[in-house]
Amino acid sequence: MSKDYYELLGVGRDASKEDIKKAYKKLAKKYHPDISKEENAAEKFKEISEAAAVLGDDQKRQQYDQFGTADAPNFQGHDFSGFNFGNFDDLVDSIFGGFGFKGFGRRHGQHGNDLQTEVSITLKEASEGLAKDVTINSLTSCEECEGQGGTGEQSCDTCKGQGSIQQAHQTPLGVFATQRPCKDCSGAGVSYQNECKDCEGQGRSKKKRKIEAEIPAGVEDGMRLRLAGQGEAGLKGGRDGDLFVFIHVKPDDRFERRGPHLLAEQRVPFPILCLGGKVEIETLDGKGDLKIPAGTQDNTVFKLGGKGMPSVRGGQGDLHVRVLADVPKRLSKKQKDALKDFAGSPKKGWLF
């Protein structure tokens with residue numbers, strides 16, 4: 001059975017293009033595979049995107065209303081798998097009047113590529129958060145021509161100022177029209193009489209940049225930060241890409257991390273386990289004292305509330321300390337006699 005695109009988007013057949021756009025944006029945010037926990041979110045997202053692609057285009061909508069099925073001639077599919085939630089506005093533009101569906105004759109620059117790098121930090125730094133400088137080599141907007149590529153603007157001869165090249169392909173289902181950005185003007189629709197010498201008319205040039213990344217307290221190993229607009233510069237008016245910083249938290253010999261909680265082991269002399277006392281332990285904030293009650297058993301775990309890691313989502317973890325009996329390997333005669341006397345007491349029944 002054919003899909004009802006109006007029903008998929010939850011709009012009436014008299015809905016305006018703006019109504020369709022609003023309905024799509026609402027549903028796309030709900031079912032986007034990168035963030036949705038709904039069952040079959042990817043399939044649902046694909047369906048509503050397909051519906052919006054048709055109903056958001058006047059010609060395709062008229063054709064759909066006439067034929068009543070998604071199999072009508074000239075319904076060209078579209079691959080949405082390359083979009084992530086960070087490029088959500090690009091996806092909406094793509095469907096409602098942008099490149100790929102409508103908007104022939106629309107000038108558009110080329111978006112800059114996203115970039116990625118990584119930084120290594122200590123567990124202590126992860127607990128406090130810090131500003132970390134990262135250095136990248138990337139295409140940046142040319143300062144000499146302010147990213148334009150030259151002076152003496154004129155219409156591009158290749159695309160006649162449209163910014164895109166339209167091509168028609170004959171298929172068994174009919175003629176399919178596609179368009180792509182013009183390579184000669186990078187989608188800007190213009191060329192220049194005097195090309196910039198610094199960037200050779202490209203509007204961008206390679207440059208080493210130092211960028212400060214604000215790393216929040218509680219960040220975990222493998223997390224990534226998105227620095228919007230810090231990636232590759234867009235070309236001739238296009239949006240700048242983003243920089244993704246992957247975080248590596250170095251292992252710490254003192255602690256094992258489990259989410260916001262820390263686990264540690266502390267050897268405690270046998271007499272203290274028996275009689276009670278205090279031992280010095282390591283915490284992220286420095287040295288501290290752990291009170292050991294008399295009669296503490298080997299492998300007992302003590303919890304120090306709020307002494308763990310902060311969470312990026314809020315809250316503070318705990319430090320869990322497992323005490324291990326520290327049995328001396330060498331004893332004096334006096335110590336041995338005392339232990340034998342203790343072990344041989346009638347209450348204990350330990351005999352040697």
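What follows is calculated from the coordinates using simple rules that are stated; it is not laboratory data. A quick note: this is a predicted structure, and the numbers were derived from the prediction, not measured. Every residue, glycine as well, gets a Cβ built from its backbone with ideal geometry; the counts of neighbours run over all protein chains shown.
Around the amide H of Thr283, modelled in the peptide plane, lie the amide H atoms of Gly288, all under 5 Å away and 5 or more residues distant in sequence or on another chain.
Using the Kirkwood formula on the Cα atoms of the stretch 232-352, what hydrodynamic radius do you get, in angstrom to one decimal? Evaluated over the stretch 232-352, this radius sits at 18.4 Å. Applying a DSSP loop filter and a limit of 14 other Cβ atoms within 10 Å to the trypsin sites (Lys or Arg not before Pro) in the stretch 187-246 leaves Lys197.
What is the sum of charges, Lys and Arg at +1 and Asp and Glu at -1, for the other residues whose Cβ falls under 13 Å from the Cβ of Asp65?
Numbers: positive: Arg13, Lys60, Arg61; negative: Asp4, Asp14, Asp57, Asp58.
That works out to -1.
Our coupling estimate for the stretch 217-230, obtained by passing each phi through the Karplus curve with A = 6.51, B = -1.76, C = 1.60 and θ = phi - 60°, is 5, x, 4, 10, 4, x, 5, 10, 10, 10, 9, 4, x, 9 Hz, Gly and Pro reported as x. Our coupling estimate for the stretch 39-54, obtained by passing each phi through the Karplus curve with A = 6.51, B = -1.76, C = 1.60 and θ = phi - 60°, is 5, 6, 4, 4, 5, 5, 4, 5, 5, 5, 5, 5, 5, 5, 5, 7 Hz, Gly and Pro reported as x.
What FRET efficiency do you get for Ser332 and Val312 if R0 is 51 Å and r is their Cβ-Cβ distance, rounded to the nearest 0.05?
On the way: r = 53 Å, r/R0 = 1.04.
That gives a FRET efficiency of 0.45.
Given that compact globular proteins tend to follow 2.2 N^0.38 Å, what is the ratio of the alpha-carbon Rg of the stretch 281-329 to that value? Write out the running numbers ahead of the final one.
Numbers: Rg = 13.4 Å, N = 49, 2.2 N^0.38 = 9.7 Å.
For the stretch 281-329, the normalised Cα radius of gyration comes out at 1.38.
For the stretch 250-341, trypsin sites (Lys or Arg not before Pro) are listed when DSSP marks them as loop and at most 16 other Cβ atoms sit within 10 Å of their Cβ; the list is Arg254, Arg313, Lys329, Arg330. Think of each Lys and Arg Cβ as +1 and each Asp and Glu Cβ as -1; about the Cα centre, that makes the dipole of the stretch 204-352 roughly 360 debye. Amide H contacts of Asp240 (H built 1.01 Å from N, in plane; Pro and chain starts excluded): Gly112, Gly234 sit under 5 Å, all sequence-distant by 5 or more or on other chains.
Fully extending the segment from Glu118 to Lys197 would add 25.1 nm, taking 0.36 nm per residue of separation and subtracting the current Cα-Cα distance. Among the GluC sites (Glu not before Pro) in the stretch 219-310, none is located in a DSSP loop while being surrounded by at most 11 other Cβ atoms within 10 Å of its own Cβ.
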